[in-house]
Amino acid sequence: MHDLPGSHDHNDHQFDVEEEHPLWKLDTITLTSVGIDIGTATSQIIFSRLVLRRLGRELSSRFVVTERKTLYLSPVHFTPYVAGRERIDDQALARLVDAAYREAGINAEQVDTGAIILTGEAIRRDNARAIADLFAAERGNFVCASAGHNFEAQLAAHGSGAVALSAERECRVLNVDIGGGTTKLAVAECGRVLSTAAFHIGGRLLATDGNGVIRVLEPGGQTLARQVGIEWRLGERVVPEEIERLADHMAKAVLALVQQENPAPEFARLWLTPPLGSVKTYDAIVFSGGVGEYVYGKESKTFGDLGAPLGKSLQRQISNGALAWPLAPARECIRATVMGAAQHTIQVSGNTIYRSNDELLPRKNLQALRPPVDLSENIHPPALAAAITSHFQAFDLKEGEAEVALVFRWGGPPAALRIAAFCRGLMEGLPRTLKSGRPIYLVFDHDLAGLVGNILKNDFDLNNDILAIDGVTLHDFDFIDLGKVLEPSGTVPVTIKSLVFQF
């Protein structure tokens, strides 16, 4: 399956012979990636082998993922909880993850990159952040801790194949990922995710034991039940007719929020993020998440929760014409997020990086700031300085105190006068940083880092340490982890985390 032109997912690819060639080593990077998805209902782990190759066109030194191989895929486990489900059972979860490492034959030192994703209702547990940070620190040097509805929506769209479908058909696809606690939406067009959103509907907002007694009842489940006149409490017994009535109501809510510009107020109150702002016109719809397994008829077993009734109700309503656009198949459903986590959180810099001090790497949790400045024409230092200053203020950050990575999109030729003007404006925009002696982190999308770093140090006599990397595309609201330099390519792995821990 191709995600974008030139990228592949061929699990039977043989790498060993060409990997020994010296030129192959310079232009190719092989990484071991882990994705750990801790969701409301289920948790799972995947290990992947990623091959990144240097782009040959446009004289670029940028690396892109061209091959992926799944090394190990864990069973799908129920997420363990303690203390009335207000806390995730970190010890039980650690045992599940460590067992996956053992079964995969991989240790923490062998993990180059990856992501721990806490999703849905799991991120509101009071120990969620601590668990993610612990796992990131102890189970891989560059494994990052990430969560947030928008970030999960992006990962699910990649893992489900919706992004790949939009690229292959050059069309507009909506991915609807229904998990245990939340539903995430992602609009993909021509291989890019354009917008994301989430609302409070999931398959495990309620769960019962074998006798129909309620053992799990999330606040969102209570709210939805009340909308259809049902008042449930833990320990009560439910009847199948009530479950069916609630499942039909939830299915109607999903279809309304996906399609309608002005849904009913009771449905509109379910949004966890701002609704999708783009026009609701699509060429295809893809469902993923655990409930997606039932929408496509891939799963028939029930687990005492709302997943099967909700999925079957959606399947029935869609068959009766309740969806305005064609339903397309999903590459992955319940595994969509973990697949996306393993494969779509990593970029690698170009090899024209500049670092004045080896101790600048590795570095974790740098916030990316992308000042709104046009560098394609003449560069005016005062205008650049003003853009940097105003962008710090826009994000409520204090220049000189906040450790950030300043991101720039370069346009036009890398002429000496233009680079000198850029450096002058940069320094004028960072007066407190220069005074405090804090390091300066710069990220460019084009091959420019080495030139800028050298000119700042040698021509402008800058005393601050500088780390400049290029060949990486970042945006506001991204957070990044920078790994150690990879030899012999001379590149840096950059793990990208968007909207970290958005509650």
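A330 meets all of the listed conditions (1) modelled with pLDDT under 95; (2) within 30 Å of E244 (Cα to Cα); (3) touching a Ser or Thr at 6+ places or on another chain (Cβ under 8 Å) but one, namely (1). The single condition among (1) in a loop (DSSP other than H, G, I, E, B); (2) out of contact with any Phe, Trp or Tyr (no Cβ under 9 Å at 6 or more places or on another chain); (3) of a type outside the set (S, T, N, Q) that P275 does not meet is (2). Residues of segment 314-342 that are touching a residue at least 60 places away in the same chain (Cβ under 8 Å), of a type in the set (S, T, N, Q) and either in a loop (DSSP other than H, G, I, E, B) or surrounded by fewer than 23 Cβ atoms within 10 Å (Cβ to Cβ) (or both): Q317 alone.
Is it the case, given these coordinates, that I455 is under 33 Å from the mean Cα position of the chain (by Cα), of a type outside the set (F, W, Y) and under 13 Å from R355 (Cα atoms)? Taking the combined requirement at face value, the residue does not satisfy it. Across segment 256-271, the qualifying residues are those that are of a type in the set (A, V, I, L, M) and crowded, with 19+ Cβ neighbours inside 10 Å, and the one among them that is nearest to A188 (Cα to Cα) is V258.
So, in segment 388-408, how many residues would count as being of a type in the set (D, E, K, R) and crowded, with 17+ Cβ neighbours inside 10 Å?
Going residue by residue through segment 388-408, those that are of a type in the set (D, E, K, R) are 396, 398-399, 401, 403.
Of the ones still in play, those that are also crowded, with 17+ Cβ neighbours inside 10 Å are 399.
So the count comes out to 1.
For every residue, the table says whether it meets (1) touching a strand residue (DSSP E or B) at 6+ places or on another chain (Cβ under 8 Å); (2) within 21 Å of Q317 (Cβ to Cβ); (3) in a strand (DSSP E or B); (4) touching a residue at least 24 places away in the same chain (Cβ under 8 Å).
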{"residue": "G221", "(1), (2), (3), (4)": "yes, yes, no, yes"}
{"residue": "L224", "(1), (2), (3), (4)": "no, yes, no, yes"}
{"residue": "E231", "(1), (2), (3), (4)": "no, no, no, no"}
{"residue": "L234", "(1), (2), (3), (4)": "yes, no, no, no"}
{"residue": "A247", "(1), (2), (3), (4)": "no, yes, no, yes"}
{"residue": "E266", "(1), (2), (3), (4)": "no, yes, no, yes"}
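Residues in segment 352-401 that are part of a loop (DSSP other than H, G, I, E, B) and closer than 17 Å to M427 by Cβ: S356, P371, V373, I379, H380, E399, G400. Determine, yes or no, whether N458 is surrounded by 15 or more Cβ atoms within 10 Å (Cβ to Cβ), farther than 15 Å from P371 by Cβ and of a type outside the set (F, W, Y). Spelling it out, it is not the case that N458 is surrounded by 15 or more Cβ atoms within 10 Å (Cβ to Cβ), farther than 15 Å from P371 by Cβ and of a type outside the set (F, W, Y).
Look at I440 and say whether it is modelled with pLDDT of 95 or more, surrounded by fewer than 22 Cβ atoms within 10 Å (Cβ to Cβ) and among the aliphatic types (A, V, I, L, M).
On the way: modelled with pLDDT of 95 or more: yes; surrounded by fewer than 22 Cβ atoms within 10 Å (Cβ to Cβ): no; among the aliphatic types (A, V, I, L, M): yes.
Taking the combined requirement at face value, the residue does not satisfy it.
Out of D445, D459, report the one residue that is of a type in the set (D, E, K, R) and in contact with a Cys (Cβ under 8 Å, 6 or more places away or on another chain).
D459
Each residue in segment 446-499 was checked for being closer than 16 Å to R363 by Cα and aromatic (F, W, Y), and 1 pass.
The values are calculated or read from the model by the stated rules, or taken from the named source; none is laboratory data. Because the structure is predicted, anything quoted here is derived from the model rather than measured. For neighbour counting, all protein chains shown are included, and Cβ atoms are generated from backbone atoms with ideal geometry for every residue, glycine included.
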